[in-house]
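A.B. asks: Please see the structure below; I have some questions.
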Amino acid sequence: MNTPVVPVDLRERPREGRGSPIARAALLAYLLLIIYASWFPFTGWRDSGLPLLTFLNLVKPRYWTGFDVTVNIVGYIPFGILLVLSVYPRIRGVWAVLLAAFVGIVVTGAMESVQNFLPSRVPSNLDFLTNAGGCLLGALLGAWWARSLLDHSRLFQLRRRWFASHASQGLVLVALWPLAQLYPQSYLFGHGQVLPIISGWLSSWFDSEIDLVSMLRPDAAMTVEQYWLSETIITACGMTGAVLTLMCLVRRSAPRFLIMLSFLGTALLFKTLSSSLLFRPDNAFVWVTPGAEGGFLIGLIMLAGLVFAPQVAQRRLAVVTLVLSLIVVNTVPVNPYFVATLQGWVQGKFLNFNGAAQFMSLLWPFFALWFLVLPSHKLNRHEPRAGVPDGAP
């Protein structure tokens, strides 16, 4: 009697000799954040006439603070760690550290050079040294932790039990959603509000006032009830789309409801901390509005059943809700109450941080939609069902 052949997903082979897809995806995402934060706010480009590498000198900067030095070092430590983890195990030890240090020098040198063309940024030899030093420190930590993180980590074992084999890149994407809450937004979970940004760019280029939102909505004036309804739709659709994107990566046997609550709880925690730190402590819950409360409740009711729906349905509903959220958030005028609150926000020392946070807030829905239409996000057809051993029919 012939023994039935059970299809094997090659992506589930042991890790030995293979790199970490999560580390590589996280490295790419972090590099994009560094680029956006270093060149934020992307306005006023001009040729200063100075050599690109003029910051490479021995002159001590006139203005600098311990805060700036600390932020520059800490900001590049994850970059160095991810560089080492991305090339492990093909390159490891001293060679991985040297490679990461070289890449760190090239990247920070490029960031400082381009800042010559931005009037709001000042290239600095101190920034160059501290960024490169932070990358080197991260590389040393990455070389020290690589084996324990990638070969013997409990977190890695948990990832294999709860998430599909293809989920590495997707997990990096959904991990950015709670972080996207750090940037102040007009509406709770109202990511992707790009039309006001594009309007500002067009107005600057053509030297005339261009408001794309007003063009799409000639009757831009809205009542309080309309603002309330809009925020309800944005909140419900934004959170539903994000959670369903995560659920597309989760195995059938995983505690889906617990994962959903942890995901939403982390996002709300980041939102609260951001509101408290960027404004004032008494504004920690400024995002709690009637529209946000209603949208969050509706979203929870929807997700209570959808987290257990088939993966194909989750993917399609994630696309629909994200698109609907983008349409509403880009056609509704900015909440005047939010504008009044924003006037008390002084970016100051957090300019780089806020640039990275804005990058995530603006582009996360578009990256999520791109990911959802790719075939690689689909669950393995041969994945064992909950309670059914491998090889069972």
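A.B. asks: Multiply the residue gap between residue 161 and residue 43 by 0.36 nm, knock off their C-alpha separation, and tell me the result in nm, one decimal place.
C.D. replies: That works out to 37.9 nm of additional length.
A.B. asks: Each label point is 7 Å from the Cα along the Cα-to-Cβ direction; what then is the distance between the points at residue 52 and residue 126, in nm?
C.D. replies: So the two model labels end up 2.6 nm from each other.
A.B. asks: Compare the peptides 357-369, 180-192 by average per-residue count of other Cβ atoms within 10 angstrom and give them in order, highest first.
C.D. replies: Averaged packing, sorted descending, gives the order 180-192, 357-369.
A.B. asks: Taking the highest mean first, how do the peptides 164-176, 285-297, 87-99 order by number of other beta carbon atoms within 10 angstrom per residue?
C.D. replies: Descending mean neighbour count gives 164-176, 285-297, 87-99.
A.B. asks: About the Cα centre of the stretch 14-173, how large is the charge dipole given +1 on each Lys and Arg Cβ and -1 on each Asp and Glu Cβ? Please answer in debye to the nearest 20.
C.D. replies: Rounded to the nearest 20 debye, it is 620 debye.
A.B. asks: Ranked by Cβ crowding within 10 angstrom, fewest neighbours first, how are 120, 208 ordered?
C.D. replies: In order of increasing Cβ crowding within 10 Å: 208, 120.
A.B. asks: Distance from the Cα centre of the stretch 309-325 to that of the stretch 18-88, in angstrom?
C.D. replies: Here the answer is 35 Å between Cα centres.
A.B. asks: What FRET efficiency, computed as 1/(1 + (r/R0)^6) with R0 = 30 Å and r the Cβ-Cβ distance, is obtained for residue 276 and residue 228, rounded to the nearest 0.05?
C.D. replies: That gives a FRET efficiency of 0.75.
A.B. asks: Work out the FRET efficiency for residue 28 and residue 210 from their Cβ-Cβ distance, taking R0 = 45 Å, and round it to the nearest 0.05.
C.D. replies: After rounding, the FRET efficiency stands at 0.85.
A.B. asks: As a footprinting exposure proxy, order 245, 331, 108 by other Cβ within 10 Å, with the fewest listed first.
C.D. replies: 331, 108, 245
A.B. asks: Among 205, 177, which comes first, then next, by fewest other beta-carbon atoms within 10 Å?
C.D. replies: Least crowded to most crowded, the residues run 205, 177.
No lab work stands behind these numbers, since they all come straight from the coordinates. Just so it is clear, the structure is predicted and the values come from calculations on it, not from any experiment. All Cβ positions, glycine included, derive from the backbone under ideal geometry; neighbour counts span all protein chains shown.
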